[in-house]
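Report on the structure given below.
The values are calculated or read from the model by the stated rules, or taken from the named source; none is laboratory data. Here the structure is a predicted model, which means the values were calculated and not measured. Note that we place each Cβ from the backbone using ideal geometry, even for glycine, and neighbour counts take in every protein chain shown.
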Amino acid sequence: MGRWRPRVVGWLACLAAMAALPGGRPVPAGEPDIHFVDPEADAAGPDDAALPFAPDRGAGPTRGDAVPGAVALSNGLKVPGYLYTTRAKRLKIYNLDRQVHEYVPVPACRRIQAVVEWARVDKQWRFKEAGSTEKVQTGKSYPVRSLAWRLTLRNGHEIVGHILGQPLYLEHHGKRERFILHKRQKGPLGQTLEDLVYLDRVEFGPKPYNRAVQEWAEKAPKAGAEHGTGTSRRPGEPHDPHLR
């Protein structure tokens with residue numbers, strides 16, 4: 001499934017032993033506290049304030065405003081972790097109903113859901129020859145998808161709109177993955193729409209986090225054996241160098 005395939009296998013290996021690791025223990029029930037990050041009041045230095053990650057502090061999330069939750073991809077993969085965006089930034093979404101931009105702190109979100117506006121496979125074209133305005137098909141194609149996002153806040157308010165390339169970071173047991181909330185997604189030549197995996201939804205809070213951890217604890221040993229990521233590595237050692 002293109003560039004997502006090694007990452008998917010890497011998550012299977014990395015989380016296969018999660019139930020036995022301290023980082024995989026359940027988080028306390030109840031709503032997480034909201035931490036609003038003020039750029040001027042941030043404890044990080046001026047050079048660190050723009051960085052998405054704080055220095056490594058050992059176990060637990062490296063950011064005080066990180067929220068437990070789970071990310072679900074369109075291929076069915078669900079990954080638990082602590083979620084945050086770039087330091088001192090909020091999610092900037094263009095509200096399609098109100099026709100204005102709104103700024104939402106990640107800890108204020110209960111759920112983010114992708115809304116597929118349209119999806120298709122486009123043909124590749126090229127100019128017939130140098131200097132010509134006539135175009136011809138190359139016989140190759142690529143998938144393309146347009147996405148909006150539905151943000152459900154903790155107070156029940158919903159916002160549906162476009163987010164233009166904002167990162168959402170997921171951290172678990174020292175591993176960090178970046179997901180991009182964007183409007184338009186384009187795959188490489190030869191891919192299908194099914195191959196073009198996208199971020200389907202994000203759920204925030206201890207309950208979705210603990211559910212995802214439990215699912216991994218039940219499925220990861222079997223999946224690890226199927227992908228050849230079983231007992232030959234030490235607990236917590238990633239299979240995919242991308243996750244090191």
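Data for the structure
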| quantity | calculated |
| --- | --- |
| Residue within the range 91-101 that is in contact with a Cys (Cβ under 8 Å, 6 or more places away or on another chain) and buried (at least 17 other Cβ atoms within 10 Å of the Cβ) present | yes |
| Hits in the range 132-153 (condition: of a type in the set (Lys, Arg) and either modelled with pLDDT of 95 or more or closer than 17 Å to Thr192 by Cα (or both)) | Lys140, Arg145, Arg150 |
| Neighbours by Cβ (under 7 Å, 6+ apart or cross-chain): first from the range 83-109, closer than 13 Å to Arg150 by Cβ; second of a type in the set (Lys, Arg) | Val104/Arg90 |
| Residue tally, condition among the charged types (D, E, K, R) and in contact with a helix residue (DSSP H, G or I) (Cβ under 8 Å, 6 or more places away or on another chain), over the range 160-190 | 2 |
| Qualifying residue in the range 98-114 (condition: under 17 Å from Leu199 (Cβ atoms) and not in a strand (DSSP E or B)) | yes |
| Given (1) on the phi > 0 side of the Ramachandran plot; (2) at pLDDT below 95, index of the condition Gln99 fails | (2) |
| Candidate set: the range 118-158, residues that are part of a strand (DSSP E or B) and small (Gly, Ala, Ser); chosen: the one farthest from Leu181 (Cα to Cα) | Gly139 |
| Test set (1) of a type in the set (A, V, I, L, M); (2) touching an Asp or Glu at 6+ places or on another chain (Cβ under 9 Å); (3) within 30 Å of Asp65 (Cβ to Cβ) - Leu153 fails condition number | (2) |
| Criterion violated by Ile180 - all others in (1) among the aliphatic types (A, V, I, L, M); (2) in contact (Cβ under 8 Å) with a residue 24 or more places away in the chain; (3) under 19 Å from Ile112 (Cα atoms) satisfied | (2) |
